[in-house]
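Below is one structure, written out as structure tokens; the observations come after it.
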Amino acid sequence: MNESSFVDKISELETKHIRKGFVKKILVFDELSSTNSAVKDLAIQGEGEGTLVLSQVQKKGRGRFERIWESPAGGLYVSLLLRPSVPQKRFTLLPLLAALAVAKTIRQFQLPAAIKWPNDVRIQQKKVAGILLEAGTDQHHHQYIVVGIGVNVNTHVSDFSPSLAAISTSLFHETKTVVDIALFFDRFLTVFAQEYARFCSKEYDSFLGEWKQYSDTLGRRVKIVTSSGELIGNAYDIDTSGFLIIRTAMNEKKTITSGDCLYLDEV
Ligand code: BTN
């Protein structure tokens, strides 16, 4: 696909999704440093909910915990500006919501995507997508949320650094077929808008129930790695904030708000 046809396709689906309601505008770039940084700048200037920035390549893609998100050509790199009018304590559900939308979209391509708490999307134990949520306050003191989503769609895993290549996959790698990124994005936007509408109508329980069906974390023995240390236990449940509850060997319940989750049967 040449670049102009990609931009044309995105502009077509921009019109379609503006009509459906959630999307306000989609800005498309060949290359950016980070779509999250671009949306943050727009948010600070007061840009409204539903503004999306997509880039075909990122030069300084950012991951969770200040990591680099390698962003070669072939991936979908997009950030969405949200200004949800729900209680702030529920914002912690948004990364899980984005992961659910990505996993559902990938399953539409007949691939067995599963979510590893909180928001890694994987296929057969290899990471295919990641989510980075950033929140802040704009110049009018209004809160904003940026949801950044990176999906390895047609990425050649060999384009990643060796350590990342070993733990990553892409839709192309799994199917050996080039996937139409615009089609993937179109389907993703439909699913995301549905999930976000459910969130804005405060249907948190039904959302969490579905998230659990798409996740393979609960019931596993996990190691949680945070900046303040490590904790081992059985992943027992997700609470109403989307936090992970684990049961330790001492039968204590611990609530994990953030961290890397490793499955002990995989390490
Ligand atoms: C992770 O560490 O798993 C989260 C990765 C999030 C990457 C996406 S790509 C689009 C957006 N822009 C960024 O700089 N990061 C996010």
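Values in this text are rule-based calculations from the coordinates and carry no lab data. Keep in mind the model is a prediction, meaning the values are calculated, not measured. Don't worry about glycine lacking a Cβ; one is built from the backbone with ideal geometry, like all the others, and counts go over all protein chains shown.
Tabulated data for the structure shown
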read-out	value
Ile245-Lys223 pseudo-label distance in nm [points 7 Å out on the Cα-to-Cβ vector]	2.6
Karplus (6.51, -1.76, 1.60) ³J(HN,Hα), θ = phi - 60°, over the stretch 26-42, in Hz, Gly and Pro reported as x	10, 9, 10, 10, 5, 8, 9, 6, 7, 5, 5, 5, 4, 5, 4, 4, 5
Computed label-point distance, nm, for sites Val7 and Lys89 using a 7 Å Cα→Cβ extension	4.8
Cα-based shape type of the stretch 1-143, given that a ≥ b ≥ c are square roots of the gyration tensor eigenvalues and the cut on a/c is 1.5	rounded
Relative contact order %, the chain, counting alpha carbon pairs below 8 Å whose residues are six or more apart	15
Choice from Val128, Val225, Val23 with maximal GNM fluctuation in the chain (Cα, 10 Å cutoff)	Val225
From phi via Karplus (6.51, -1.76, 1.60), per-residue ³J(HN,Hα) for the stretch 162-174 in Hz, x at Gly/Pro	x, 5, 6, 4, 5, 10, 10, 9, 9, 4, 4, 4, 6
Angle in degrees between helix 181-200 and the longest Cα principal axis of the chain, rounded to the nearest 10	60
Residue-wise HN-Hα coupling along the stretch 120-129, computed from phi with Karplus coefficients 6.51, -1.76, 1.60 (Hz; x: Gly, Pro)	8, 9, 10, 10, 6, 6, 10, 6, 10, 7
Sequence-distant residues sharing a close amide H with Lys25 (under 5 Å, placed H)	Thr51, Leu52
Long pairs among Lys104/Lys127; Lys40/Lys212; Lys212/Lys253; Lys20/Lys89; Lys202/Lys223; Lys127/Lys176, criterion Cα-Cα beyond 23 Å	Lys40/Lys212; Lys20/Lys89; Lys202/Lys223
DSSP beta bridges in the chain [antiparallel fraction, %, rounded to 5]	85
Residues whose placed amide H lies under 5 Å from that of Tyr236, excluding near-sequence neighbours	Gly219, Ile245, Ile246, Arg247
Furthest towards positive pole of dipole, Leu171, Gln58, Val225, structure part the chain, Cβ charges	Val225
Span from the the stretch 50-70 Cα centroid across to the the stretch 197-256 one, whole angstrom	26
Normalised contact order of the stretch 13-156, rounded percent, pairs of Cα under 8 Å and 6 or more residues apart	24
